[in-house]
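Written out below as structure tokens is the structure these notes cover.
What follows is calculated from the coordinates using simple rules that are stated; it is not laboratory data. Worth saying up front: this structure is predicted, and the values here are computed from it rather than measured. Here Cβ is always computed from backbone atoms with ideal geometry, including for glycine, and neighbour counts include all displayed protein chains.
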Amino acid sequence: MTRLLSLGWDRTLLELKMYFREKESVFFSFLFPIMLLALFSTIFAAQFDGPAMTAAGVDAGRFFLPGMVSAGVLLTSFQTMALSVASERDDGTLKRLRSTPMPPVAYFLGKVGLVAITSLAQLALLLAIARFAYGVALPSSAGPWLTLAWIFALGVLGGTTLGIAYSSLGTARSIGAVVIGPLLVLQFISGVYLAFSDIPTWLQQIASVFPLKWIAQGMRSVFLPDSFAASEMAGAWEPGRTALVLAVWAVVGLVLCVRTFRWFKRGTT
Amino acid sequence: MTAAVHVHGLTKIYGPTRAVDGLDLQIETGEVFALLGPNGAGKTTTVEILEGFRSRDSGQVSVLGSDPATAGAAWRDRIGIVLQSSGGLDLLTPREILRTTARLYERPRAVDEVIASVGLQQKADARIAGLSGGQRRRLDVALGIVGRPDLLFLDEPTTGFDPQARRDFWTLIESLAHEGTTIVLTTHYLDEAEHLADRVAVILGGRIVALDTPTALGGRSAQEATVTWEEAGARHTEKTSAPTALVTALHARLGGEISALTVTRPSLEDTYLALVSAHSTPEQHS
């Protein structure tokens, strides 16, 4: 067990080195939500000048922060995993690892370690920038922070396992399009970049099948005033249902991951 | 001494094709064994079954006493595999990847020692993306040997090497063989097989069609030698099974140095090509 953890930590360090040396991944998964938060807070600042928003203490930064935190969870877990595992399968990295006595679990521990560290660092950066660059008031009681912790953990867990499973749907060449297109659509209909209440009901219902909508809703419950719960689909934050949906997706992801993972390219065994 | 690799009746079928067709093979411990054969003959399929990467349809396979299809980490600990190409390392340095790879094994070689043995000292801390093809291939070999394997698979290890790099590589393989590592080599270079291998096997149509030492393969040593020389400004050529007698006779007749004398036997390449063309019957092409 100690050996397994130590090998998993070795893999984590290696994964982190590769992640941060790949400028594209740093930009498009790690810095992207941070950049969008800055952009949206600036572009839409004037729209939050009205008396209602001002009274509620919600400016553009505070309004978009939950969405960006949610997008960050999705990008650093799901997108990073789907892209990296697909290309590792194609370029022979997985085959090379399989030729060594490495316990397979060590590989997955390395991925989990990578996602945990990058997503936490990203969350910290997002919160710091929201707080210090845009003056967003962060929760002052323990409750919302606790909610943040479990939504974040469940979201990252599900994103990681689903991302690894999803990697089997594409090759290194196609996976970029296979991942980024659907993710972009999902982010829009899940209310990450728009106010969820502005999205037509039927699209909201489609979005409700997927975990991102629930992550975003949970994050809004953390960062927005309670009065905003009225504009949710159910008119409430629904923490219980959120926990249930995210937990189900995490389990589904784990099962899919175990059942579909392949070390070799299709047609080579 | 027990066999490092024992294969009996190995068969692998892809749709209508019998890629490997009842192949028998035995490789002794400590031997350097070369597998030759044109592309599509079943060479890579066979080796990947031995490496545990591919499943088989029938036949018995034992590699270091275990069935590769079910062998676990303890077996992999004793096996080294140099794949035809290994990507995905561009962002790391040779030392970084060797260090994490070494930790996976029970009794690894020292990383610095491995780096030195493949001649990558100058590039040990450089990004792998910047390595030349030959340097990358040497890194592949380093990854294959860092676990101190008892059995090393080398799949076309010197493709794309310049002549000097190839010679250096051969020296490395010889030193591994000298330490007692069993080596299974596939290659398209006949001179490489001749230089390194104790025995060579030729695979055609999924079967072994010839198996012997490089000098004796396909009855090579028994074949006639060709003697050529110059006499009175004309070039003479004679095929003979007794070249020594002919040269002695020439020496006696011509007195002193024989002008432009050569004695050649069919090269391994000639023998190999003759084997390949003899076995490529029309129905195999249809």
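The relative contact order of chain B, computed from alpha carbon pairs under 8 Å that lie at least 6 residues apart in sequence, is 20 percent.
Hey, quick one: spin label on B:Ala274, modelled 7 Å out along Cα-Cβ, who in the stretch B:170-207 has an amide N within reach, i.e. under 16 Å? Answer for this model: B:202.
Stretching A:Leu125 away from A:Ala142 to a fully extended chain increases their span by 4.1 nm, per 0.36 nm per residue minus the current alpha-carbon distance. Under the simplified labelling scheme, the B:Thr70-B:Tyr14 pair shows an inter-label distance of 2.7 nm, with each label point 7 Å from Cα along Cα→Cβ. The stretch B:179-246 and the stretch B:59-76 have Cα centres lying 34 Å from one another.
Translational diffusion coefficient of the stretch B:3-218 (Stokes-Einstein, Kirkwood radius from Cα pairs, 25 °C, 0.890 mPa s): 139 µm²/s. Taking 31 Å as the cut-off for C-alpha to C-alpha distance, list the pairs among A:Lys111/B:Lys12; A:Lys111/B:Lys123; A:Lys23/A:Lys265; A:Lys213/A:Lys265; A:Lys111/B:Lys43; A:Lys111/A:Lys265 that go past it. From A:Lys111/B:Lys12; A:Lys111/B:Lys123; A:Lys23/A:Lys265; A:Lys213/A:Lys265; A:Lys111/B:Lys43; A:Lys111/A:Lys265, over 31 Å: A:Lys111/B:Lys12; A:Lys213/A:Lys265; A:Lys111/B:Lys43. Between the Cα long axis of helix A:142-166 and the first principal axis of chain A there is an angle of about 40°, rounded to the nearest 10.
Take every pair of alpha-carbon atoms less than 8 Å apart whose residues are at least six positions apart; their mean separation over the length of chain A yields a relative contact order of 27 percent. Computed extension gain for B:Ala260 through B:Asp162, at 0.36 nm per residue and net of the alpha carbon distance, reaches 32.3 nm. B:Ser117 sits among other residues whose Cβ lies under 13 Å from its own Cβ, and their net charge, with Lys and Arg +1 and Asp and Glu -1, is -2. With the simple spin-label model, which puts each label point 7 Å out from Cα in the Cβ direction, the B:Glu106 to B:Ala129 separation comes to 3.9 nm.
Per residue of peptide B:75-88, the mean number of Cβ atoms on other chains within 10 Å of the residue Cβ is 4. Relative to the longest principal axis of the Cα atoms of chain B, the long axis of helix B:133-145 lies at roughly 60 degrees. Rounded to whole Å, the principal axis extents of the Cα atoms in the stretch B:142-188 read 28, 17, 17, largest first.
Calculated translational diffusion coefficient of the protein assembly as shown (37 °C, 0.692 mPa s; Stokes-Einstein with Kirkwood radius over alpha-carbon pairs) equals 119 µm²/s. Each of A:Ile206, B:Ile27 was scored by other Cβ atoms within 10 Å of its Cβ. Arranged with the fewest first, they read A:Ile206, B:Ile27.
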